[in-house]
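Colleague: Just passing along the structure, written as structure tokens.
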Amino acid sequence: MASEPIIATVGGEGPLLVIHGGAGRRLHEMSPAQRAETDAALGRALAAGYELLAAGESAEAAVIAAIHVMEDAPCFNCGRGAALTLDGTAELDACLMLGDGRTGAACGLTTARHPIDVARAVMERTPHVLFSEPAPELLDEWGIEQVENDYFVTLARAAALEEWKALHAIGADRPETRHGTVGAVARDARGRIAAGTSTGGITGQVPGRVGDSPLCGAGTYANETSVAVSCTGTGETFIRDVAAHQVHARVALGGQTPGEAASAMLAGIDAHGGNGGVIVVPASGAGVIGRTDGAQMNWGWASAAGRETHE
């Protein structure tokens, strides 16, 4: 039987930034040092994004700035510190969507230091929405900073892959513990909203696997008539439930509040065997942070009313 999701409202009117650093069921609890590292990284991401909102910059700029910080922080499953595939390499995905409908996404990235920049380039420089494994030459043409794939591989993620292989070999694989993502949703002083999500996938995934994060409507969605949404969790379940768009539809068509919509979506995720979380910023009013019961989640928010992080 599915449990009630855990929902919190944050912030209020005016500029608002909400971020997440992934949600799921952890195989190991974080050490005090890991908690401190994660909390500090969340704080830096909030500061980078909200500083722009406070200066009158766009929701898009705030989302990208916050995600840049998290993509550079090895404690999160995105960019440096991404989960590793079965082959021991990093494959990165990202999506950016604005409330006016403009969208860009990319999957299977292996050299882009900041995958969210590739998503923005797809949105700004092409007539398309989603690119799979864009060539290094194309990334150069778009002005994307590139690194060797080894840059993304940390000792902690390599150890996690070996542990996953050992568990899998004895039939004890627990895939619900193997996911994570980062995301940001924002509203600027003009009431514009935006959503972005960036991920390294799941530990031990078969090369070529793509989760919900880069899929418009599954892991990421924004519509200026309703909400901006970024999801994290069991990607396959979020895809099947069209989770991010579902939150929008429940608000825009069903008349639910953002909190009610997030709760109903997460209840469905739980009922279908998944777990995870969601962050939501509406075109007006307070934001929402939600997670399925039993899932741990890293998050933060900042507005004129204050700021908070939780690791």
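Colleague: Quote the relative contact order of the chain in percent (integer), defining contacts as alpha-carbon pairs under 8 Å separated by 6+ residues.
Modeller: 29
Colleague: All other residues with a Cβ under 14 Å from the Cβ of residue 239 taken together, and with Lys, Arg as +1 and Asp, Glu as -1, what is their net charge?
Modeller: Computed value for this residue: -2.
Colleague: Moving on. In debye to the nearest 20, how big a dipole does the chain give about its Cα centre with +1 on each Lys and Arg Cβ and -1 on each Asp and Glu Cβ?
Modeller: 520
Colleague: Now for a separate question. Only Cα pairs within less than 10 Å get springs; with that Gaussian network setup on the chain, which residue of 275, 223, 149 has the largest fluctuation?
Modeller: 149
Colleague: Based on Cβ point charges of +1 for Lys and Arg and -1 for Asp and Glu, what charge dipole magnitude is obtained for the stretch 176-311 about its Cα centre, in debye rounded to the nearest 20?
Modeller: 300
Colleague: Heavy-atom accessible area per residue, the chain, 1.4 Å probe: how many Å²?
Modeller: About 39 Å² of surface per residue is accessible.
Colleague: Compute, for the stretch 1-83, the length of the dipole vector about the Cα centre, with Cβ point charges of +1 (Lys, Arg) and -1 (Asp, Glu) only. Units Debye, rounded to 20.
Modeller: 320
Colleague: Report the semi-axes of the equivalent ellipsoid for the stretch 1-130 in whole Å, largest first, where each axis is √(5λ) for an eigenvalue λ of the Cα gyration tensor.
Modeller: After diagonalising the Cα gyration tensor, the semi-axes are 24, 22, 16 Å.
Colleague: Right, another one. Want the number for residue 146 to residue 4: 0.36 nm per residue separation, take away the alpha-carbon distance, what's left?
Modeller: Between residue 146 and residue 4, full extension yields an extra 46.8 nm.
Colleague: Once label points are set 7 Å from the Cα along Cα→Cβ at both residue 271 and residue 156, what is their separation, rounded to one decimal in nm?
Modeller: 3.6
Colleague: Using Stokes-Einstein with the Kirkwood hydrodynamic radius over Cα pairs, what translational diffusion coefficient do you get for the stretch 17-70 at 10 °C and a viscosity of 1.306 mPa s, in µm²/s rounded to a whole number?
Modeller: 132
Colleague: Still on this model: Let me know the volume per residue of the alpha-carbon convex hull for the stretch 189-311, in Å³.
Modeller: Once divided by residue count, the hull of the stretch 189-311 is 110 Å³.
Colleague: Let me know the shape class of the stretch 252-292, please: from the alpha-carbon gyration tensor, a ≥ b ≥ c as square roots of the eigenvalues, rounded when a/c is under 1.5, otherwise prolate if a/b is greater than b/c, or oblate.
Modeller: Because a/c hits 1.5 or more and a/b fails to exceed b/c, the stretch 252-292 counts as oblate.
Colleague: Between beta-carbons, use under 14 Å as the cut-off and find the net charge around residue 252, counting Lys and Arg +1, Asp and Glu -1.
Modeller: So the environment of residue 252 carries a net charge of -1.
Colleague: Provide, as a two-decimal number, the C-alpha radius of gyration of the chain over 2.2 N^0.38 Å, N being how many residues it has.
Modeller: Taking N as the residue count of the chain, the ratio is 0.90.
Colleague: Antiparallel as a % of all DSSP beta bridges within the stretch 158-311, to the nearest 5?
Modeller: Given both bridge residues lie in the stretch 158-311, the antiparallel proportion sits at roughly 95 percent.
Colleague: Give me the percent of the accessible area of the stretch 122-273 that comes from carbon and sulfur atoms, probe 1.4 Å, all protein chains in place.
Modeller: Whole-percent figure for carbon plus sulfur exposure: 53.
The values are calculated or read from the model by the stated rules, or taken from the named source; none is laboratory data. Keep in mind it's a predicted model, so treat the numbers as computed, not measured. Note that each Cβ is placed from the backbone with ideal geometry, even for glycine, and that neighbours are counted across all protein chains shown. To get the accessible areas, we keep the full protein, side chains included, count just its heavy atoms, and leave off ligands, DNA and RNA. Shrake-Rupley method; radii C 1.70, N 1.55, O 1.52, S 1.80 Å.
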